[in-house]
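In what follows, a single structure is set out as C-alpha cells and then discussed.
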Amino acid sequence: MSALSVQDIGITFGGVKAVDSVSFSVEDGQIFSIIGPNGAGKTTLFNLISGVYVPMSGRVTLQGQDVTAAAPNRLAARGLSRTFQNLQIFFRMTVAENVMVGRHLKEERGVFPHLFSLPSVIRQNRHSRKEALRLLERIGLADRADDLAANLPYGELKRLEIARALATEPKVLLLDEPAAGCNARETENIEHMIKEIAETGVTVVLVEHDMRLVMRISDRIHVLDYGRTLTEGNAEEVRTNPEVVKAYLGTHGAEEAARAQD
Amino acid sequence: MAEFLQFAFSGLTVGAVYALVALGFTLIYNASDVVNFAQGEFVMIGGMATVFIAAVGVPLPVAALSAIVVAMIVGLLLHRLAIEPARGADAVTLIIITIGASIFLRSAASFIFDKQFHTLPPFTGDTPILFGGAAILPQSLWVLAGGFVIVILLWAFMSRTILGKAILATAANRLAARLVGINTSYVVGLSFALSAAIGAIAGILVTPITLTRYDVGTLLALKGFAAAMFGGMGSPIGAIVGGLIIGLLEAFGAGYISSEYKDAIAFIVILGVLFFMPTGLFGRKSVERV
Amino acid sequence: MSRLAAHPLFVPLLIAAIVLACGFGLGSNFYLRVATLVWISALAAIGLNLLMGFAGQVSLGHAGFFGIGAYTTAVAPNVLSISPLLALVLGLVLSAAIAFLVGRPILKLKGHYLAVATLGFGILVSMVLTNESGLTGGPDGMTVARPELFGLRIRGVDHWYWISGAVLVLGAWLAGNLVRSPTGRALRALHDSEVAARVVGVDVARYKVVAFVVSAVYTALAGGMLALFNGFITPDVAGFLHSIEFVVMVVLGGLGSIFGSVVGAAILIALPQALSAFQEYEHLALGFVLMAFMIFLRKGIVPSLVALVWRGSK
Amino acid sequence: MLRIEDLRSGYGRIEALHGITIEVNAGEIVTLVGGNGAGKTTLLKAVSGVQPVSGGRITFEGADITQATPHKRVALGISQSPEGRQIFGPLSVEDNLRLGAYRSSQGSAAVEADLQKIYAMFPILAERRKNPAGGLSGGQQQMLAIGRALMSRPRLLLLDEPSMGLAPILVDQILETIASLRDQGVTVFLVEQNAFAALSIADRGYVIETGEIAKEGTGKDLIADPAVREAYLGV
Amino acid sequence: ADPIKIGSVLAVTGPASFLGDPEEKTLQMYVDQINEAGGVDGRQIELIVYDSGGDPNKARTFATRLIEDDEVSAIIGDSTTGATMAMVPLAQDYEVPMISLAGAVVIIDPVKEYVFKTPHTDRMACEKIFQDMKANGYTKIGMISGTGGFGKSMREQCLDVVGTYDIEVVADETYGPSDADMTPQLTKIKNTDGVQAVINPGFGQGPAIVTRNYRQLGIDVPLYQSHGVASKSFIELAGDAANGVRLPAAALLVADKLPDDDPQKEVVVNYKTTYEEATGEPVSTFGGHAYDALMMLVAAIEKAGSDDPAAIRDALEQTSGFIGTAGEVNMSADDHLGLDVSAFEMLEIQDGDWVIIGEN
Ligand SMILES: Nc1ncnc2c1ncn2[C@@H]1O[C@H](COP(=O)(O)OP(=O)(O)OP(=O)(O)O)[C@@H](O)[C@H]1O
Ligand SMILES: Nc1ncnc2c1ncn2[C@@H]1O[C@H](COP(=O)(O)OP(=O)(O)OP(=O)(O)O)[C@@H](O)[C@H]1O
Ligand SMILES: CC(C)C[C@H](N)C(=O)O
Ligand SMILES: [Mg+2]
Ligand SMILES: [Mg+2]
C-alpha cells in the first residue's frame, strides 16, 4: 500500500492551470522528490495534498484512504504534516512553544481541564515541552528554545518549521524547499536530518531546487512543468532526461546533479 | 411608486453621506492599514469650521475652502504628532490612537466652536425638486454629485498615478516600500491630508441636510466604517456602493418594515453579505501564498 | 524576579493583593464603588483579551454580551420569577449559547471584516434592548431586583466590592490557566498563522469559537454583576461605545496581558474620575492621555513596562 | 564606492553586527558569505537605511549616508533585492516593477524600456503582468524582487540571496546577469548561500561570522581557502 | 463659616450636551452671583459639577461621589431622564434631595421622597398639545418620535393620554438619535389616510430635520413639536420650514412678548438678559430649568436655615408661589414638580420667532 498517492489532481487560478491532472504514488518510507521550474505547481500540489486548497479534480489517498478535500487538521490527525515555502511561523511565540503547538494532537484537548489547570494538564505541558526540546536538539536550535521566534534568522526558521512538523509525529511529511537559504554546509545537515527522518519510517515528499540534495537522497523524483507531469524516475533517469535538462536543470544544473550522484 | 421613489431619494441622500465618510476611511486604510476612527471628526470639522468662519463675515465659498484647509492641517498634525511617532506599532495600537484623537478633537471642537447644532444654507436653495411624485432636495443632488466626483478622482489617483500606487505599496509592505525609495511617512501623511479633505468636503456638502455639531463624528464614523467594509475595504468604488446601499437599506427598511429596526436591517444585510462574500462586495480576496 | 513573575499564581495573587489593599485602604464608599466598577470592567476586558490578545480575533461588539448578561439578570426575575442570581447564571448560559451560534459564521471573517460583523452583532443587541421597552424599559433603562443569598440581601458597595474582586481574581486565574494550556497555545498559534496551525492539527474554527464563547461568558458575567451592583441598567451598556471602551481597555493595558486588562480597565474607569478635576477639559485630557500611552507604550502599558524593567535589570 | 566602517547594529538589546568594516569599489562584485544568523541580512538592511545602526559609518561615494533616509539612498543609486522577496502582494506584477522605478529620474520612455528588459529576462513576469504579485510562485516572486531592484537603474545593487528558490537553470541566468551588470558599470554587493558560484563571479569577498568579518580576499582566494571550503562550500 | 456644598451631575458633553451645557453655565453664573452678593445666610455656596455625558452609569458614579466624597447637601441633575433615574435610588438611599432637570414624568410619578424636578413633564406636553389639537377639531393624527430617552418616553405618555382627548394616532413612526433623513417615515405618515396633524416628540437635531423634511414633502397639516425644541437654535436649524410649527413651552422663550403684568415677566426677562450677556448665546428653556432648580434650592436652604439634607428636602417640598422660568411652582408631598399645564404657553413659530397663540 502506498503511503500517499494522487490521481489526476488539478486546480486552476484565474485561467492558470497551476496543477493539471497530476498523478503519482509514494511508497512507504520513501524519499520522494518533486522538482520543476518556478511556477510548475509544486507548492500548489502540496497545498492540494495537505488540504490548504480544495482540488477541482482528482483524488488524494493517504495510507489507502481517500482524503480528497479533507481539512488540514483532519489530515494532520491522519499523519500528514508539512512545512511551508513561505514561512508560516508563530512569530509571537517562543521557539519551544512553536514546536509544542506541533504536539497539539497528542495532547488532551478539553477546555475545562485547561481552565482549571488540572494536574494532568500540567504534566502534559511538561511532557510537550520535553518533546519539543528534544526535537530542537535534533535540528540544532536547542540553545534558542526560549527566544521569541521573531528573533531568529531566516535559515533557522526554516529548520524550526521542520521541528514543528516532526512534533506531530507524521507518517507522511511534506517539505517545501527546506534548504532554501542555507549554504552548502547547512544543506548537508538538512540532508542528514531528512535521511534520519526517513529511516524512522516516515515517508518524505520533498520539493527542492538544490540538485545536490535532491539527487543524493531521493528514491524517486517526479518532475512537473507548467502544472503537468514531465517525467518520473530515479535520479539517474531524471537528470539525464533532455527535457528536464532543457526546462529545468540547464547545463550547469545537470553537471551539478551528476556530480552529486558520484 | 411615488413612495418607492421617495424612499430611494432618501436612501441615496443618506447613503451618499456614508459613502463619503467611507471614502475617507478607504484612503488612509490604503496607505497604512489603519482604520482611522477620527475620520468622522474631519467631517465635523468641515461643517463646523465653515459655519464659524462664515459667521465672521467671510463669503461662504471662501469659508468652505478654508475649512477644508483647516481639516487638512488637522489631518497632517494628527499624522505628524500621533501616527508617525508610533510608526511600526500594531494596527490595533494605531487604531486606539485614532480613537484617542477622535475624543480629543471632539472635545477641542466643543471649546473652539460650541456645543450647539449648526447648519449651512443649501447651495442652491431648498425648493424640493419633484420627480415622479417624490421630492428631492437640491442639496441631495449636490451630495450625490460630490460623492461621484470624489470617487472618480480618487479612483483615478489610486490606479492611474504612481503616487497612488506608492500609497497602496506602503500599506502592502512598508519595508519594501522604503526599499524602493518611497518616503513612506510622506505618503501616509499625504493620505491623512487627502482623507481629511474628503471628510471636510463631505461635511460641507451634508451640513445643510443633516446639520452638524461637535460630536456628529462618532456615528458617521460608525456608519462610514460599516459602509467601507461592506463595499470591501480599500476599494473606492466599494466605499461608494457600500454607502449607498446602506443608505437605501435604512430608507427602505424604515419605509417598508420598521423604522425602529432600520439600522438592524442594514446590519443584518451586511452580515448576510459578508457571510457569502467575506471581503465585501468589491474587496479583493487577498492572495497570500504559503 | 522574572521566574517569580512567570508563576501561574503570580498574576491572580497580585490582583488579589491589590483588591485587598484597596478594600481596606480606600476610605470612602465612592472610591470603593469606582474600584468595584474597575473589577467588573476588568473581568470583561480579560474575557475580550482572551479573544483579541491571544486568538487575535477583534470584536467590536462585546458590549452586546455585556448587555445580554446584564439584561437577562434584570429581566428574567420579572418574567420567569426566578432569583436574580439564577437569572445571572441564565445570562451566562444565554450568552454562551448565542456566542456559540453566531461564532462559527462570524469568525470565518478576518480582521476588519470581523470587526464590522461583531459591530453589527453588538448593534443588533443594543437595538433590541432599546426597542423592546415592554421588557427592558427602553432607552431609560430599568431597575434590577436585589439578589439574596442564603437569606442575606446582597447590596451596596461593601458586598459587591468583595464579590467582584473575588470573581476577578478567579477569572484572572482561569484565564491564565487557559492561556498556558494547549488551548492557549492553539489560540496564539492561529493568531499568527491559521494555515500553520491547521496543518499541525489545530481545528481553527473550533478554537476560535471556544475563545469567543469563553470571552462572551466573561463579559456577560461582568454585565450581570454590574446590573446587580448598580440596581439599574440602561441599554447603553450594550452600545457601540461601550464595546469600544472594552477594546481600548484591552489594548491600552496590553494585548495578551491579563494583568494589563486590569490596568486598562482601571485607567479607563478611574481616569475620568481623576480628570473630573479638569472639568470640561476632561475629554481633552482623556483623548490626550490615550494617545500618549499608545505612542509611548505601544505594546500596551503592562507589556511595555515589563520590557523596560526587564531591560533595566540586565 | 561604498565604505562601511566599524558598523554596529542590532535588535533591541541584542547586537547583531559588532563592528563591520567593508569596502566595495566601483564596478566590483563583492560577495558576502556566512552562516544562518551571521548578520548578512542585517548588514544589507543597514546599508539601505531600513535598519538602525548604533555605531560606525557608512559612506557612499565619499558622502556620509549613515543617517540618510532610505529614499535618499535609493535616489543616490542604492537599491536592494531583499531577503524574503518582500513583494507588494496585492499590486499587479507590473505595478511592482514600476514602483521599482519610483525614485528614478529617467523619463517614462526609459522606464518602459527597462520594463521590457525585465520582461525579456523573466518572460513569466510578462505573462503575469496584470495579475496580483501575491499569486506568484516563490521563485516567480524572487524574479520579481530582482527585477524591481533593477528598475531603479541602481549604481550599487544589493542582493540578499537572489538565487533562493530559483530553479537551477535560473540560478545560472541570475549569476550571468549579475556578471553582465558589472560589465555595464553597476556595482554589486551580493549575499549568497550558493557560495561557490557567488565567489566564482566575485572580484572580492568577505566572510562574516556572528556579526564580525572573519576573512576577506579575492573570490578565488576565498574559494581556495580550506576553512572557507569546509565551512561554506561543503566540499 | 463653611461653604454650603451643592453638587450637580449634568450632561455637559455628549448627545444631550445642548441641555447640560446651558444648565452648567447657568449654575456657575448664578452661584457666582449669589456668592458675590454675600452668599446664603452669610455662607458661600460651593458648586461641584460633574459631567455625566448623559451616561446613566457615569451619572450614578458621580452622584455617589457627590454624596459620599464631597458630602453635598443637595444635588441638581441629571439633564436626561435615563441618567436621572439611575441617580434616583441613591438620593433615596442616602437621603439627599435632588432636583432633576429632565423631562419624563416617571421621575416624580410616583412621588419619591427626595426627588424633585423643574421642567414640565412629557405628559404635560402631550396634554397641552392635545388640548390645542382638540380645540382645532383634529381627531386623527400622525406621530413621529425620536428613539432617544425623551422621545420614547413622551411617545408613550402621549399614547397613554391621547384617548381622553378623542384623538386617534393613526400613524406611529420613529427615527434614531442621529438619523439624517426622516422622509421615509414622513412619507408613510403623509400617505396615511386622514391625518389631520402630526406630533413629533423628541429633542436635538431630529425635530429640526423632521421639520425640514416635512416641508420638503409638502405635508400641509399642522406640525406640533414638544418643549424639547424650545430654543432659538431649533428655529435656526429648521430655517423657513419652522414657520407654522406649534409647541408648548415655558414663558421664558417669549420673555419680551409677555404682558407687563405677567407675574413671570420680571424673572424671565432678568434671566434671559443675564444669560445672553454672559454667554453670548441665545437663551433656551433648558438653562432655565437649572435656574429654577438653583433658586428653589437656595430658597429652601434659607428657609431651612441649615444645610442639612433632610431639612432642605422638607423645605423644598413646601415650595409655594415660587416664580421660575417654567411658571409658578407649588409643591406638596404628593407633587414634587409643582407645575401645571397652564404654566405652559402654546407657541407658534412665525417669521422665525415665537408667538404666543392664545387659548382658542
Ligand atoms: N492562490 C493563487 N493565486 C493565483 N495564482 C496561483 C495561486 N497559487 C498558485 N498560483 C499559480 O500557480 C502556478 C504554480 O505555482 P506554485 O507556487 O505551485 O509553483 P512552484 O512550482 O511551487 O514554484 P516555485 O519553485 O517558484 O516555488 C504559478 O504560476 C502561480 O502563479
Ligand atoms: N527581527 C529580529 N529581531 C531580533 N533579532 C533578530 C531579528 N532579525 C535577526 N535577528 C538576529 O540577528 C542576527 C543576524 O541575523 P540576520 O538575519 O542578519 O542573519 P543572516 O546572516 O541574514 O542569516 P540567514 O542566512 O539565515 O538569512 C541573528 O542572530 C538573528 O537572531
Ligand atoms: C426637553 C427636555 C426637558 C428633555 C429632558 N431633559 C429629558 O431628557 O428627559
Ligand atoms: Mg513553490
Ligand atoms: Mg539573511
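The values are calculated or read from the model by the stated rules, or taken from the named source; none is laboratory data. Here the structure is a predicted model, which is why all the values come from computation and not from measurement. In this analysis, Cβ positions are derived from the backbone assuming ideal geometry, glycine residues included, and neighbour counts consider all displayed protein chains. What goes into the accessible areas is simple: the full protein's heavy atoms, side chains included, and nothing from ligands, DNA or RNA. Shrake-Rupley method; radii C 1.70, N 1.55, O 1.52, S 1.80 Å.
For the range A:12-64, taking the residues that are within 12 Å of another protein chain (Cβ to nearest Cβ) and in a helix (DSSP H, G or I), the one that is nearest to ligand 5 (Cβ to nearest atom) is identified as A:43. Restricting B:177, B:221, B:264 to residues that are under 30 Å from residue B:123 (Cα atoms) and more than 16 Å from ligand 1 (Cβ to nearest atom) narrows the list to B:221. The set of residues from the range D:143-192 being more than 8 Å from every other protein chain (Cβ to nearest Cβ), of a type in the set (Gly, Ala, Ser) and outside any helix (DSSP H, G or I) comprises D:163, D:185.
Kindly establish whether residue E:3 is surrounded by fewer than 21 Cβ atoms within 10 Å (Cβ to Cβ), at the interface with chain C (Cβ under 9 Å from one of its Cβ atoms) and modelled with pLDDT under 95. Taking the combined requirement at face value, the residue does not satisfy it.
Could you count how many residues in the range C:23-64 are assigned to a helix (DSSP H, G or I) and open to solvent by 40 Å² or more (accessible area, probe 1.4 Å)? The total comes to 4. Residue pairs whose Cβ atoms lie under 7 Å apart, separated by 6 or more positions or on different chains, with the first residue in the range A:136-159 and facing chain D (nearest Cβ under 10 Å) and hydrophobic (A, V, I, L, M, F, W, C) and the second open to solvent by less than 40 Å² (accessible area, probe 1.4 Å) and within 16 Å of ligand 4 (Cβ to nearest atom), are A:157/A:87. Output the residues belonging to the range D:134-178 that are out of contact with any strand residue (DSSP E or B) (no Cβ under 7 Å at 6 or more places or on another chain), away from ligand 1 (no atom under 16 Å from the Cβ) and closer than 23 Å to residue D:34 by Cα. Across the range D:134-178, the qualifying residues are D:175, D:176, D:177. Of the helices (runs of 4 or more DSSP H) lying entirely inside the range B:210-278, those containing at least 3 residues that are of a type outside the set (Val, Ile, Thr), open to solvent by 10 Å² or more (accessible area, probe 1.4 Å) and within 22 Å of residue B:27 (Cβ to Cβ) span B:217-231. Filtered by the rule that a residue be polar (S, T, N, Q) and within 19 Å of the chain's Cα centre (by Cα), the range A:5-21 gives a lone residue, A:5. Pairing residues of the range D:216-235 that are more than 12 Å from every other protein chain (Cβ to nearest Cβ) with residues that are open to solvent by 20 Å² or more (accessible area, probe 1.4 Å), at Cβ distances under 6 Å and at least 6 apart in sequence or on separate chains, gives D:218/D:204.
Under the condition of being within 13 Å of ligand 2 (Cβ to nearest atom) and under 23 Å from residue D:219 (Cβ atoms), the residues counted in the range D:18-41 number 10.
Annotation: of all residues in the range A:181-232 being within 16 Å of ligand 1 (Cβ to nearest atom) and open to solvent by 40 Å² or more (accessible area, probe 1.4 Å), the one that is nearest to residue D:124 (Cα to Cα) is A:226. A single member of C:199, C:217, C:248 is of a type outside the set (Ser, Thr, Tyr) and over 13 Å from the mean Cα position of the chain (by Cα), and it is C:199. Taking the criterion of being open to solvent by less than 60 Å² (accessible area, probe 1.4 Å) and outside any helix (DSSP H, G or I), the residues of the range B:58-90 that qualify are B:58, B:89. Pairs needed: first member in the range D:126-137, more than 7 Å from chain B (Cβ to nearest Cβ); second member anywhere, acidic (Asp, Glu) and away from ligand 5 (no atom under 16 Å from the Cβ); C-beta distance under 6 Å; at least 6 residues apart or different chains. Filtered contacts from the range D:126-137: D:129/D:94.
Residues checked against (1) buried (at least 24 other Cβ atoms within 10 Å of the Cβ); (2) more than 24 Å from residue A:255 (Cα to Cα):
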{"position": "D:159", "(1), (2)": "yes, yes"}
{"position": "D:164", "(1), (2)": "yes, no"}
{"position": "D:168", "(1), (2)": "yes, no"}
{"position": "D:171", "(1), (2)": "yes, no"}
{"position": "D:181", "(1), (2)": "no, yes"}
{"position": "D:193", "(1), (2)": "yes, no"}
{"position": "D:199", "(1), (2)": "yes, no"}
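Okay, residues lined up against (1) among the charged types (D, E, K, R); (2) at the interface with chain B (Cβ under 10 Å from one of its Cβ atoms); (3) touching a Leu at 6+ places or on another chain (Cβ under 6 Å):
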| residue | (1), (2), (3) |
| --- | --- |
| D:60 | no, no, yes |
| D:66 | no, no, no |
| D:70 | no, yes, no |
| D:75 | no, yes, no |
| D:80 | no, yes, yes |
| D:84 | no, yes, no |
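Looking across E:130, E:150, one residue alone is within 11 Å of chain C (Cβ to nearest Cβ), more than 21 Å from residue E:296 (Cβ to Cβ) and among the hydrophobic types (A, V, I, L, M, F, W, C). It is E:150.
Here residue B:10 meets each of (1) in contact with an Asp or Glu (Cβ under 8 Å, 6 or more places away or on another chain); (2) closer than 16 Å to residue B:224 by Cα with one exception, condition (2). Taken over the range B:111-153, the criterion of being surrounded by 18 or more Cβ atoms within 10 Å (Cβ to Cβ) and among the small types (Gly, Ala, Ser) is satisfied by B:134, B:135, B:140, B:146, B:147. In the range B:138-177, what count of residues is obtained for those that are modelled with pLDDT under 90 and outside any helix (DSSP H, G or I)? Total meeting the criteria: 0.
The condition of being without any contact (Cβ under 8 Å) to a residue 40 or more places away in the chain, surrounded by fewer than 18 Cβ atoms within 10 Å (Cβ to Cβ) and outside any strand (DSSP E or B) holds for only one of D:106, D:116, D:140, that being D:116. Hey, could you check the range D:20-40 for residues that are within 14 Å of chain A (Cβ to nearest Cβ) and surrounded by 24 or more Cβ atoms within 10 Å (Cβ to Cβ) and say which is farthest from ligand 1 (Cβ to nearest atom)? This residue is D:39. In the condition set (1) closer than 15 Å to residue B:84 by Cβ; (2) facing chain D (nearest Cβ under 8 Å), residue B:175 is compliant with all but (1).
Residue-by-condition table, conditions (1) open to solvent by 20 Å² or more (accessible area, probe 1.4 Å); (2) on the phi < 0 side of the Ramachandran plot; (3) within 16 Å of ligand 3 (Cβ to nearest atom):
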residue: D:45; (1), (2), (3): yes, yes, no
residue: D:56; (1), (2), (3): yes, no, no
residue: D:65; (1), (2), (3): no, yes, no
residue: D:71; (1), (2), (3): yes, yes, no
residue: D:74; (1), (2), (3): no, yes, no
residue: D:78; (1), (2), (3): no, yes, no
residue: D:100; (1), (2), (3): no, yes, no
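Confirm whether residue B:255 is more than 7 Å from chain C (Cβ to nearest Cβ), modelled with pLDDT under 90, closer than 22 Å to residue B:36 by Cβ and more than 14 Å from the chain's Cα centre (by Cα). No: the conditions fail for residue B:255. Would you call residue A:24 within 16 Å of ligand 1 (Cβ to nearest atom) and touching a His at 6+ places or on another chain (Cβ under 6 Å)? Taking the combined requirement at face value, the residue satisfies it.
Answer yes or no as to whether residue D:129 is more than 16 Å from ligand 5 (Cβ to nearest atom) and either open to solvent by 10 Å² or more (accessible area, probe 1.4 Å) or more than 26 Å from residue D:193 (Cβ to Cβ) (or both). Spelling it out, residue D:129 is indeed more than 16 Å from ligand 5 (Cβ to nearest atom) and either open to solvent by 10 Å² or more (accessible area, probe 1.4 Å) or more than 26 Å from residue D:193 (Cβ to Cβ) (or both).
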